[in-house]
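Here's the structure, in structure tokens; my notes come after.
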Amino acid sequence: MTVREVRFAALDFESAGTAPGLTDEPVQIGIAGRENGELRILLDSHLKPTRPVTWAAQSVHGIDDHALSSAPRFVDLWPALNDCLRDRWIVAHGAGTERRFLRAFPLHGFGPWVDTLRLARRFFPGCGSYALGDLIGLFGLQSRLDRPGFRWHDAASDAAACLVLLEHILDASGLWNEPVDLFRQLAGPGFKLATRDLGRV
């Protein structure tokens with residue numbers, strides 16, 4: 001099986017923010033994927049946390065407690081989440097937050113994971129910034145995200161941008177036709193590239 005045959009789903013969360021004595025929680029989820037060759041938002045929802053959103057977090061994503069008053073709880077979205085992520089590789093930019101929030105479903109079994117931050121640092125060393133928005137700008141990918149309602153620090157928009165970035169990396173690196181086992185070593189957290197494969201990429 002090659003990378004071209006993999007079905008990807010890009011995942012992004014916005015959070016309630018960190019504060020002393022408060023555990024961070026998701027307040028928005030976005031999932032993007034390709035359906036019949038078209039970039040689609042597969043899931044886009046606010047999430048009701050058990051604690052207030054910090055002012056610092058609100059200043060980034062613009063989501064306040066009032067906007068979340070009638071939102072579903074994260075656990076209530078399990079059927080939709082399962083439909084979107086089952087049988088797909090999960091893509092995230094700096095996957096730590098996404099992996100941590102998915103622990104709300106301890107036995108979910110989703111994955112493998114693809115970290116576009118890890119891939120970008122490997123294939124494009126020396127970039128001044130590896131923030132998702134900066135990489136999209138650097139590589140001239142904004143036109144691929146020209147869709148109504150797109151804005152940065154919106155979970156669905158960031159998920160779409162993450163998928164577009166992955167596709168650009170695959171184009172630039174020539175990885176589309178590589179075996180998935182090699183790609184998994186390159187892209188996923190916790191994997192080390194075998195020495196014999198270093199000359200192939």
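Would you confirm, using the coordinates I've provided, whether Ala156 is within 20 Å of Ala9 (Cβ to Cβ) and either more than 18 Å from the chain's Cα centre (by Cα) or of a type outside the set (Lys, Arg) (or both)? Steps first, answer last, please.
Numbers: within 20 Å of Ala9 (Cβ to Cβ): yes; either more than 18 Å from the chain's Cα centre (by Cα) or of a type outside the set (Lys, Arg) (or both): yes.
Taking the combined requirement at face value, the residue satisfies it.
Of the residues that make up the range 157-176, is at least one hydroxyl-bearing (Ser, Thr, Tyr), more than 21 Å from Ile29 (Cβ to Cβ) and surrounded by 14 or more Cβ atoms within 10 Å (Cβ to Cβ)?
So in the range 157-176, the residues hydroxyl-bearing (Ser, Thr, Tyr) come out as 157, 173.
Cutting the leftovers down to more than 21 Å from Ile29 (Cβ to Cβ) gives us 173.
Narrowing further to those that are surrounded by 14 or more Cβ atoms within 10 Å (Cβ to Cβ): 173.
There is at least one residue in the range 157-176 that is hydroxyl-bearing (Ser, Thr, Tyr), more than 21 Å from Ile29 (Cβ to Cβ) and surrounded by 14 or more Cβ atoms within 10 Å (Cβ to Cβ).
As an exercise: evaluate Arg184 against (1) of a type in the set (Lys, Arg); (2) surrounded by 17 or more Cβ atoms within 10 Å (Cβ to Cβ); (3) in a loop (DSSP other than H, G, I, E, B) and give the number of the one condition it does not meet.
(3)
Got at least one residue in the range 71-93 being among the acidic types (Asp, Glu), surrounded by 15 or more Cβ atoms within 10 Å (Cβ to Cβ) and touching a strand residue (DSSP E or B) at 6+ places or on another chain (Cβ under 9 Å)? If you could, list the steps in order and put the result at the bottom.
Initially, the range 71-93 is screened for residues among the acidic types (Asp, Glu), giving 76, 83, 87.
After this cut, where a residue has to be surrounded by 15 or more Cβ atoms within 10 Å (Cβ to Cβ) as well, the list is none.
Checked the range 71-93: no residue is among the acidic types (Asp, Glu), surrounded by 15 or more Cβ atoms within 10 Å (Cβ to Cβ) and touching a strand residue (DSSP E or B) at 6+ places or on another chain (Cβ under 9 Å).
Listed here are the residues, each with its yes/no results for (1) assigned to a loop (DSSP other than H, G, I, E, B); (2) without any contact (Cβ under 8 Å) to a residue 12 or more places away in the chain.
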site	(1), (2)
Pro72	yes, no
Val75	no, no
Ala80	no, no
Arg99	no, no
Arg103	no, yes
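Please enumerate the residues belonging to the range 125-148 that are in a loop (DSSP other than H, G, I, E, B) and without any contact (Cβ under 8 Å) to a residue 12 or more places away in the chain.
Going through the range 125-148, the residues in a loop (DSSP other than H, G, I, E, B) turn out to be 125-131, 139-141, 146-148.
Hits for the range 125-148 are Pro125, Gly126, Cys127, Gly128, Ser129, Ala131, Gly140, Asp146, Pro148.
Output the residues belonging to the range 107-133 that are surrounded by fewer than 16 Cβ atoms within 10 Å (Cβ to Cβ), touching a Leu at 6+ places or on another chain (Cβ under 8 Å) and within 18 Å of Ala10 (Cα to Cα).
His108
Being at negative phi, in contact with a Cys (Cβ under 8 Å, 6 or more places away or on another chain) and touching a residue at least 60 places away in the same chain (Cβ under 8 Å): is that true of Val91 here? Explain how you work it out, then say what you get.
Working: at negative phi: yes; in contact with a Cys (Cβ under 8 Å, 6 or more places away or on another chain): yes; touching a residue at least 60 places away in the same chain (Cβ under 8 Å): yes.
Criteria met by Val91.
Please go through the range 11-66 and pick out each residue that is in a helix (DSSP H, G or I), touching an Asp or Glu at 6+ places or on another chain (Cβ under 6 Å) and crowded, with 18+ Cβ neighbours inside 10 Å. Working first, answer last.
In the first step, residues of the range 11-66 are kept if they are in a helix (DSSP H, G or I); the result is 55-61, 66.
So of that shortlist, the ones also touching an Asp or Glu at 6+ places or on another chain (Cβ under 6 Å) come out as 58, 61.
Residue satisfying the conditions is His61 alone.
Every read-out reported here was derived from the displayed coordinates using simple, explicitly stated rules and does not represent laboratory data. On a predicted model such as this, the values are computed, not experimentally measured, just so you know. Cβ: placed from backbone, ideal geometry, glycine included. Neighbour counts: every protein chain shown.
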